[in-house]
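Undergrad: Handing you this structure, nothing more for now.
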Amino acid sequence: MPKILEVKNLSVEINKRKTLEAINIEIEKGQIYVLFGPNGSGKTSLLMAIMGFPGYKVKEGNIFFDGNDITRKTVDERARLGIGMGFQLPQDIRGVKLIDVLKICAGKKSNEELSPEEKTLVEKFDLTYLLDRDVNLDFSGGEKKRAEILQLLLMKPKLLLLDEPDSGVDLESLRLIGEEIQKYVEKNKASALVITHQGYVLEYLKAERACVLLDSTIHCHNKPEVILEDIRRRGYRECVRCWEGKMAK
Amino acid sequence: MLGGEDGKMKTLKDLPKEVVKTAANVGIEDTEEKRSASFFHLDEAAVFSKVMEDYKDKVELLDIKEALKKHIWLKEYYWKLIDKNKDEYTKNASENVMGGYFMRIFAGQKVEVPLQSCMFISKLRFKQYVHNIIIAEEGSEAQIISGCATTEGTGSAEHVGISEFFIKKDSKLTFTMIHNWSPQTTVRPRSAAVVEDNASFVSNYVILKPVKDLQTYPAAHCKGKNSVARFSSLMYAEGNSYMDVGSRAILEGENSKAEIISRAIAKDNATIISRGDLRNTNPKVKGHLECRGLLIGKESTIHAIPELLAIGEGSDMSHEAAVGKIAEKEIFYLMSRGLTKDEATALIIRGFLDTSILHLPSELDSMIKNMTEKVSEGL
């Protein structure tokens with residue numbers, strides 16, 4: 001199966017502090033991949049590095065997207081190539097309205113309108129009443145996450161990077177978000193790399209593979225339900241010990 | 001000779017092309033049909049004053065000198081709210097007044113189409129002194145656009161404008177002043193308003209072009225019960241511009257309210273002093289002051305001076321001030337949606353100069369939005 005994302009031997013520093021070390025991940029086209037790991041293990045950093053945020057300095061290794069080396073590309077270049085990032089804590093911007101950002105995501109100019117299909121999606125995400133509000137400013141947790149995912153779907157990315165799409169979200173919003181992401185991925189043969197702690201969003205996503213990030217590096221690749229069950233029962237450390245044992249053999 | 005009603009000038013289009021073009025940048029329509037009334041003061045005298053036929057029983061518009069002759073009672077309003085001896089500028093204005101306008105919205109009239117006035121300097125190093133009186137009579141409602149500008153090459157010109165506003169019982173006036181001076185101009189607007197029972201005064205100030213030295217501190221006296229004053233300013237200073245702009249509200253009436261909001265961007269060597277002052281004499285009042293500043297470049301300066309003087313339990317006043325640079329996080333958030341760094345920066349600046357704080361009807365709002373878009377694209 002062709003790969004949409006290949007992260008090869010990636011090491012990343014933040015403020016000269018090693019944050020990620022020798023990371024290897026491959027995501028196939030149409031595949032949903034899950035990233036587990038305790039707080040502070042570097043999951044968000046990995047997504048930020050894949051998106052190309054400054055401050056996440058690649059010291060070694062490469063990132064390939066759709067066959068092209070994007071390691072040195074800027075954030076906007078990566079976005080235009082087809083990588084969409086859903087942030088755990090989306091940035092608010094005073095004076096910039098949600099509708100402005102949605103139009104950007106949909107590739108529209110400020111004086112153009114959203115298409116009827118796009119408007120239907122806005123309705124579906126129950127965000128019409130927030131269109132003229134400053135983006136993310138004083139939005140509730142659910143509103144932020146719905147706005148974030150809606151933006152991504154309007155961008156039509158080939159790869160979605162989703163940082164805890166299920167944290168701080170009510171059950172109805174979670175179902176909506178989960179179902180819409182799954183629908184989008186299936187319909188467009190898109191891929192996703194998803195961070196989740198409790199795995200709530202996996203109830204709606206057909207994720208095939210997962211790994212555990214601990215102490216700045218990846219320790220295990222397996223089915224998400226297997227890993228999640230192991231973490232639940234034995235904790236992250238045990239997960240790592242088991243993986244190292246397997247590798248040693 | 002005064003144009004418009006019976007003078008030589010039939011239309012504002014008869015003004016020199018350069019003047020018409022520059023006036024358009026401060027919201028002055030050369031098609032008078034788009035305004036309910038138009039007034040144009042060029043250098044030392046009024047050259048055009050006209051109320052459209054449909055509005056003749058709704059508004060009155062006269063040159064101030066003519067108005068003082070026509071209405072004996074107007075003397076009671078002239079220099080009523082501003083002290084002639086306040087400073088050298090008011091003194092000069094009182095001694096050398098050249099004109100200005102008198103606008104009156106008749107009682108009970110709701111005028112949806114804006115009135116417009118323009119104070120224009122086209123002569124080299126000209127010193128312009130004008131005096132305006134605006135009366136919104138009981139139960140009236142109106143929008144006024146007041147544009148002030150100079151053509152290029154007027155050198156070290158000076159503009160001193162005295163404006164006195166009388167917002168009578170149950171009336172509502174929105175006054176939007178847009179300035180576009182040459183970088184050598186000295187500007188001293190002196191404005192004050194009195195707001196009566198249940199009346200509301202919305203005063204907007206927009207300056208997006210360089211000026212040598214601008215100082216203004218308009219005040220609204222909320223004397224009436226439930227009276228409201230709302231000041232909003234959008235300021236962009238570049239080059240060596242110096243802008244000292246404040247707004248003051250004195251809350252005297254029971255349940256009176258005031259809001260002062262400003263957005264200031266300073267670039268290059270420019271300095272903006274953004275003042276705000278809320279005070280009360282009646283303890284049952286509410287006021288909020290908010291000034292936000294954005295610095296671009298290493299030499300730009302913003303000095304935010306918000307002041308609250310609250311007297312008596314029950315007075316509810318607050319202020320917030322924040323000055324800084326554009327947050328990188330905001331830029332990169334928008335870049336992750338596909339905008340280039342420059343596009344993202346422009347959008348954030350446009351958003352910062354948020355026209356929605358001006359509470360304008362959509363036509364005027366999009367007019368000012370176009371102006372802020374030009375600023376953000378030019379950065």
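The values are calculated or read from the model by the stated rules, or taken from the named source; none is laboratory data. The structure displayed is predicted, hence computed values, not measured ones. Using ideal geometry, Cβ is built from the backbone for each residue, glycine included, and neighbour counts are taken over all protein chains shown.
Undergrad: Among the residues of region A:68-88, what is the count of those that are free of Cβ contacts under 8 Å to residues at least 12 places away in the same chain and either at the interface with chain B (Cβ under 10 Å from one of its Cβ atoms) or within 18 Å of A:L150 (Cα to Cα) (or both)?
TA: Just the residues of region A:68-88 that are free of Cβ contacts under 8 Å to residues at least 12 places away in the same chain, to begin with: A:69, A:72, A:76, A:80.
With either at the interface with chain B (Cβ under 10 Å from one of its Cβ atoms) or within 18 Å of A:L150 (Cα to Cα) (or both) added as a condition, the list becomes A:76, A:80.
Selection size over region A:68-88: 2.
Undergrad: Just name the residue that is surrounded by the fewest Cβ atoms within 10 Å (Cβ to Cβ) out of those in region A:19-35 that are over 25 Å from A:N188 (Cα atoms) and of a type outside the set (A, V, I, L, M).
TA: Restricting to residues being over 25 Å from A:N188 (Cα atoms) and of a type outside the set (A, V, I, L, M), the top hit is A:N24.
Undergrad: Let me ask something additional. Which members of region A:123-151 meet the condition of being within 12 Å of chain B (Cβ to nearest Cβ) and either touching a Lys or Arg at 6+ places or on another chain (Cβ under 8 Å) or at pLDDT below 95 (or both)?
TA: Correct list: A:D132, A:R133, A:D134, A:V135, A:N136, A:L137, A:Q151.
Undergrad: Turning to a different aspect of this structure: Looking at the structure I just gave you, is B:I305 without any contact (Cβ under 8 Å) to a residue 24 or more places away in the chain, hydrophobic (A, V, I, L, M, F, W, C) and over 23 Å from B:N180 (Cα atoms)?
TA: For B:I305, the condition - without any contact (Cβ under 8 Å) to a residue 24 or more places away in the chain, hydrophobic (A, V, I, L, M, F, W, C) and over 23 Å from B:N180 (Cα atoms) - is not met.
Undergrad: Kindly indicate whether B:S233 is crowded, with 24+ Cβ neighbours inside 10 Å and within 15 Å of the chain's Cα centre (by Cα).
TA: yes
Undergrad: Given the residues A:M1, A:M48, which is the only one that is buried (at least 24 other Cβ atoms within 10 Å of the Cβ), aliphatic (A, V, I, L, M) and without any contact (Cβ under 8 Å) to a residue 40 or more places away in the chain?
TA: Selected residue: A:M48, the only one of A:M1, A:M48 that is buried (at least 24 other Cβ atoms within 10 Å of the Cβ), aliphatic (A, V, I, L, M) and without any contact (Cβ under 8 Å) to a residue 40 or more places away in the chain.
Undergrad: In addition: Identify, from the list B:E66, B:E112, the residue that is surrounded by fewer than 19 Cβ atoms within 10 Å (Cβ to Cβ), in contact with a Leu (Cβ under 9 Å, 6 or more places away or on another chain) and not polar (S, T, N, Q).
TA: B:E66
Undergrad: Just the residues that are in a strand (DSSP E or B) and free of Cβ contacts under 8 Å to residues at least 40 places away in the same chain, please, taken from region A:196-219. Break it down stepwise before answering.
TA: Taking region A:196-219 first, the residues in a strand (DSSP E or B) are A:209-214, A:217-219.
Result: A:H219, single match.
Undergrad: Please determine, by comparing only the residues of region B:334-355 that are facing chain A (nearest Cβ under 8 Å) and over 30 Å from A:G82 (Cβ atoms), which one is surrounded by the fewest Cβ atoms within 10 Å (Cβ to Cβ).
TA: B:D354
Undergrad: Determine whether B:K91 is surrounded by fewer than 15 Cβ atoms within 10 Å (Cβ to Cβ) and in contact with a strand residue (DSSP E or B) (Cβ under 6 Å, 6 or more places away or on another chain).
TA: For B:K91, the condition - surrounded by fewer than 15 Cβ atoms within 10 Å (Cβ to Cβ) and in contact with a strand residue (DSSP E or B) (Cβ under 6 Å, 6 or more places away or on another chain) - is not met.
Undergrad: Quick one: A:L154 ticks every box in (1) within 10 Å of chain B (Cβ to nearest Cβ); (2) closer than 30 Å to A:T19 by Cβ bar one, so which box is it?
TA: Among (1) within 10 Å of chain B (Cβ to nearest Cβ); (2) closer than 30 Å to A:T19 by Cβ, the lone unmet condition for A:L154 is (2).
Undergrad: So, one more: Of all residues in region B:44-58, how many are surrounded by fewer than 21 Cβ atoms within 10 Å (Cβ to Cβ) and either among the aliphatic types (A, V, I, L, M) or in a strand (DSSP E or B) (or both)?
TA: Total satisfying the criteria: 2.
Undergrad: Take the residues of region A:38-60 that are outside any helix (DSSP H, G or I) and within 14 Å of another protein chain (Cβ to nearest Cβ): which is nearest to A:T19 (Cα to Cα)?
TA: By that ranking, first place goes to A:Y56.
Undergrad: Name every residue in region B:33-49 that is touching a residue at least 24 places away in the same chain (Cβ under 8 Å) and farther than 15 Å from B:I144 by Cβ, in order of residue number.
TA: Within region B:33-49, B:L42, B:D43, B:E44, B:A45, B:A46, B:V47, B:F48 meet the criteria.
Undergrad: Of the residues in region B:66-78, how many are over 19 Å from B:H41 (Cβ atoms) and hydrophobic (A, V, I, L, M, F, W, C)?
TA: 2
Undergrad: Does region A:111-122 contain any residue that is at the interface with chain B (Cβ under 8 Å from one of its Cβ atoms), within 22 Å of A:E180 (Cβ to Cβ) and either among the hydroxyl-bearing types (S, T, Y) or out of contact with any Gly (no Cβ under 7 Å at 6 or more places or on another chain) (or both)?
TA: no
Undergrad: Looking at this structure, is B:I368 under 30 Å from A:G52 (Cβ atoms) and either within 14 Å of chain A (Cβ to nearest Cβ) or in contact with a Gly (Cβ under 7 Å, 6 or more places away or on another chain) (or both)?
TA: Values: under 30 Å from A:G52 (Cβ atoms): no; either within 14 Å of chain A (Cβ to nearest Cβ) or in contact with a Gly (Cβ under 7 Å, 6 or more places away or on another chain) (or both): yes.
Here the answer is no, as B:I368 does not meet what is asked.
Undergrad: Evaluate region A:136-147: report whether one residue or more is buried (at least 23 other Cβ atoms within 10 Å of the Cβ) and closer than 14 Å to A:L205 by Cβ.
TA: Checked region A:136-147: no residue is buried (at least 23 other Cβ atoms within 10 Å of the Cβ) and closer than 14 Å to A:L205 by Cβ.
Undergrad: Can I ask one more? Can you go through B:E252, B:E290, B:E320, B:E313 and tell me which one is within 14 Å of another protein chain (Cβ to nearest Cβ) and farther than 30 Å from B:K212 by Cβ?
TA: Exactly one residue qualifies, and that residue is B:E320.
Undergrad: In this structure, does A:V101 turn out to be in contact with a helix residue (DSSP H, G or I) (Cβ under 8 Å, 6 or more places away or on another chain) and within 30 Å of B:V323 (Cα to Cα)?
TA: So A:V101 passes the test.
Here's the yes/no breakdown for (1) under 23 Å from B:M235 (Cβ atoms); (2) in a loop (DSSP other than H, G, I, E, B); (3) in contact with a strand residue (DSSP E or B) (Cβ under 7 Å, 6 or more places away or on another chain):
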residue: B:R104; (1), (2), (3): no, no, yes
residue: B:L124; (1), (2), (3): no, yes, no
residue: B:Q128; (1), (2), (3): yes, no, yes
residue: B:N132; (1), (2), (3): yes, no, yes
residue: B:Q143; (1), (2), (3): yes, no, yes
residue: B:G155; (1), (2), (3): no, yes, no
residue: B:I162; (1), (2), (3): yes, no, yes
residue: B:T176; (1), (2), (3): yes, no, yes
residue: B:P183; (1), (2), (3): yes, yes, no
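Undergrad: For region B:69-83, enumerate the residues that are surrounded by 15 or more Cβ atoms within 10 Å (Cβ to Cβ) and not β-branched (V, I, T).
TA: Step one: filter region B:69-83 for residues surrounded by 15 or more Cβ atoms within 10 Å (Cβ to Cβ), giving B:71, B:74, B:77-79, B:81-82.
Once the filter is applied, which keeps residues that are surrounded by 15 or more Cβ atoms within 10 Å (Cβ to Cβ) and not β-branched (V, I, T), region B:69-83 yields B:H71, B:L74, B:Y77, B:Y78, B:W79, B:L81.
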